[in-house]
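J.: Before anything else, here's the structure in question.
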Amino acid sequence: MSAKPSLQWANEPFDLDSKIYVAGHRGMVGSAIVRQLKARGYRRIVGRTHAELDLTNQAAVNRFFTIEKPEQVYLAAAKVGGIHANNTYPAEFIYDNLMVQANVIHAAHEHGVRKLLFLGSSCIYPRLAPQPMAEDALLTGVLEPTNEPYAVAKIAGIKMCESYNRQYGESHGTDYRSVMPTNLYGPGDNYHPTNSHVVPALIRRFHEAKLAGAASVVIWGTGMPKREFLYVDDMAAACLHVMGLNKRDYQAQTKPQQAHINVGSGCDIAIGELAMLVKKTVGYEGRIEFDTDKPDGAPRKLMDSALLRKLGWTPAVDLQRGLEIAYCDFMSQQQVEATLD
Ligand SMILES: NC(=O)C1=CN([C@@H]2O[C@H](COP(=O)(O)OP(=O)(O)OC[C@H]3O[C@@H](n4cnc5c(N)ncnc54)[C@H](OP(=O)(O)O)[C@@H]3O)[C@@H](O)[C@H]2O)C=CC1
Ligand SMILES: C[C@H]1O[C@H](OP(=O)(O)OP(=O)(O)OC[C@H]2O[C@@H](n3cnc4c(=O)[nH]c(N)nc43)[C@H](O)[C@@H]2O)[C@@H](O)[C@@H](O)C1=O
């Protein structure tokens with residue numbers, strides 16, 4: 001076994017022998033976090049699939065922590081979906097997310113985990129928050145109704161991290177942080193035709209229209225809302241960056257007790273323009289139509305990620321390049337599915 005570096009406890013994430021639990025390690029973000037951890041030489045990464053460990057089951061989560069004894073936790077497991085899924089299954093979105101995060105965060109505390117990273121979402125901010133949305137916009141207004149249950153669960157997750165830091169920071173060294181990702185996309189995304197987010201949904205729809213020779217493709221809503229997109233490997237790099245920040249440096253930049261920090265690309269784009277970009281990436285030549293009976297959701301969700309930039313993180317993959325990689329990923333998933341048929 002290699003010797004542990006003689007760093008202060010706040011730098012423990014750099015101990016490559018530290019045992020790290022990535023909850024949701026097969027999801028889009030969780031698998032990207034695992035790729036980054038492995039690339040940086042971390043040797044002891046543990047994960048469980050949903051079938052192996054249902055994180056809504058408190059007793060099972062406690063058993064897992066007792067057996068595995070992780071030293072750090074990345075909490076990337078959640079009930080996730082786009083505007084239609086959030087609007088159609090609100091009970092599942094609030095129940096599953098509250099249970100998963102309450103069980104994992106509390107079990108982490110009970111089992112002596114000092115470093116935990118919780119993944120929230122940009123939808124925690126009010127529907128009409130001033131743009132770009134800074135961290136202190138939290139709890140200043142009314143939420144977007146299509147995803148309010150999910151947003152309320154995510155706000156509870158942030159407040160759990162802050163509360164455990166407040167109560168146990170001094171006595172136990174508890175240092176739980178939260179990152180608020182903007183809309184993400186990339187390898188490992190969910191390409192479901194209706195329950196997915198806009199980027200994977202449009203990749204599938206334009207691809208299928210190209211194959212079918214369809215004259216037009218329908219985009220939900222007016223095409224006017226603006227969204228900020230971030231490539232998933234940039235998100236994973238941000239997660240490791242935030243986990244690795246020295247506690248003193250982190251707290252010097254954030255407000256007392258504030259545990260959440262925004263992660264965005266800094267650029268947003270109207271959904272109509274995004275549709276044009278995906279159309280070009282896929283090579284579809286027909287028309288685009290808009291179904292205005294479908295919800296638009298929030299008019300704009302651009303995050304102010306200045307804090308994280310100041311702390312040394314910058315994204316590397318722009319939207320055009322990211323969409324090309326995502327389309328290749330979709331094609332390879334299609335090939336795997338065809339092989340399994
Ligand atoms: N995708 C996006 O655009 C955004 C995502 N986020 C947040 O990022 C995080 C990761 O999202 P993403 O990777 O996209 O989501 P995915 O749906 O790709 O992955 C979610 C993971 O959670 C696991 N999971 C869900 N429910 C349970 C459960 N009850 N027990 C055990 N495991 C469970 C799934 O396991 P299995 O695969 O085994 O079913 C899956 O691995 C989430 O917290 C999400 O809210 C935030 C903003 C935007
Ligand atoms: C990440 C974020 O994701 C969800 O919020 P959202 O930002 O509204 O995400 P979305 O990707 O589903 O939609 C973005 C925009 O795109 C439009 N749109 C057009 N055509 C399709 C389409 O075919 N599918 C989808 N999903 N949207 C479409 C759609 O009408 C909307 O205007 C949250 O519920 C919550 O989960 C959350 O945190």
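J.: Assuming 0.36 nm per residue, please report the length gained on full extension of the stretch Lys210 to Lys280 beyond their Cα-Cα distance.
T.: 24.1 nm
J.: Moving to a separate point now. Calculate, for the range 149-257, the solvent-accessible area per residue in square angstrom, rolling a 1.4 angstrom probe over the heavy atoms of the protein chains.
T.: 37 Å²
J.: Could you let me know the centre-to-centre spacing of the range 76-155 and the range 204-263, using Cα atoms, in angstrom?
T.: Between the Cα centres of the range 76-155 and the range 204-263 lies a distance of 14 Å.
J.: Averaging sequence separations of C-alpha pairs under 8 Å and six or more residues apart, then dividing by the length of the chain, give the relative contact order as a whole percent.
T.: Rounded, it is 20 percent for the chain.
J.: Continuing with the same structure: Starting with the highest mean, order 162-170, 211-219 by the number of other Cβ atoms within 10 Å, averaged over the residues of each peptide.
T.: For the peptides 162-170, 211-219, the packing ranking is 162-170, 211-219.
J.: What net charge is computed for the residues neighbouring Ala153, neighbours being all others with C-beta under 13 Å from the C-beta of Ala153, Lys and Arg scored +1, Asp and Glu -1?
T.: Computed value for this residue: 0.
J.: If you place +1 on the Cβ of every Lys and Arg, -1 on the Cβ of every Asp and Glu, and leave all else neutral, what size is the dipole of the chain about its Cα centre, to the nearest 20 Debye?
T.: Taking the Cα centre of the chain as origin, the dipole is about 720 debye.
J.: Give the distance, in whole Å, between the Cα centre of the range 10-73 and the Cα centre of the range 293-315.
T.: After rounding, the separation between the Cα centres reads 27 Å.
J.: Beta carbons within 10 angstrom, averaged per residue: use that to sort the peptides 233-245, 63-75, highest first.
T.: So the peptides 233-245, 63-75, ranked by packing, come out 233-245, 63-75.
J.: Ignoring ligands, DNA and RNA, how do Thr140, Thr194 rank by accessible area with a 1.4 Å probe, largest first?
T.: Thr140, Thr194
J.: Further, regarding this structure: Between Asp17 and Val142, what FRET efficiency follows from the Cβ-Cβ distance if R0 is 51 Å, with the result rounded to 0.05?
T.: Between Asp17 and Val142 the formula returns 0.60.
J.: Give me the distance in nm between label points sitting 7 Å out from Cα along the Cα-to-Cβ direction at Ala39 and Arg166, one decimal.
T.: Here the modelled spin labels are 3.8 nm apart.
J.: Another question about this same structure. Taking Cα atoms, how many degrees apart are the long axis of helix 90-110 and the longest axis of the chain, rounded to 10 and kept between 0 and 90?
T.: Relative to the chain, helix 90-110 is tipped by roughly 20 degrees.
J.: State the percentage of accessible surface on the range 17-340 attributable to carbon and sulfur atoms; use a 1.4 Å probe and exclude ligands, DNA and RNA.
T.: 53 percent
J.: Given the rule -39500 (n - 2.57) for each run of at least 4 DSSP H residues, summed and divided by the residues of the chain, what is its mean residue ellipticity at 222 nm, to the nearest 500 deg cm²/dmol?
T.: Estimated from H runs of four or more residues: -14000 deg cm²/dmol.
J.: Quick check: net charge around Ile203, other residues with Cβ under 13 Å of its Cβ, Lys/Arg +1 and Asp/Glu -1?
T.: +1
J.: How would you rank 31-38, 221-228, highest first, on the average number of other Cβ atoms within 10 Å across their residues?
T.: Sorting 31-38, 221-228 by mean packing, highest first, produces 31-38, 221-228.
J.: What lysines sit close enough to Lys294 to cross-link, taking a C-alpha to C-alpha distance under 21 Å and skipping anything fewer than 8 places away on the same chain?
T.: Lys226, Lys279
J.: Another question about this same structure. Using a simple charge model, +1 on the beta-carbon of Lys and Arg, -1 on the beta-carbon of Asp and Glu, nothing else, what dipole does the range 272-341 show about its Cα centre, in debye to the nearest 20?
T.: Dipole about the Cα centre, nearest 20: 480 debye.
The values are calculated or read from the model by the stated rules, or taken from the named source; none is laboratory data. Computed from a predicted model, the values in this text were never measured in an experiment. Counting neighbours? That spans all protein chains shown, and the Cβs are built from the backbone with ideal geometry, glycine included. When the accessible area is computed, the model is the full protein with side chains, heavy atoms only, and any ligands, DNA or RNA have been set aside. Shrake-Rupley method; radii C 1.70, N 1.55, O 1.52, S 1.80 Å.
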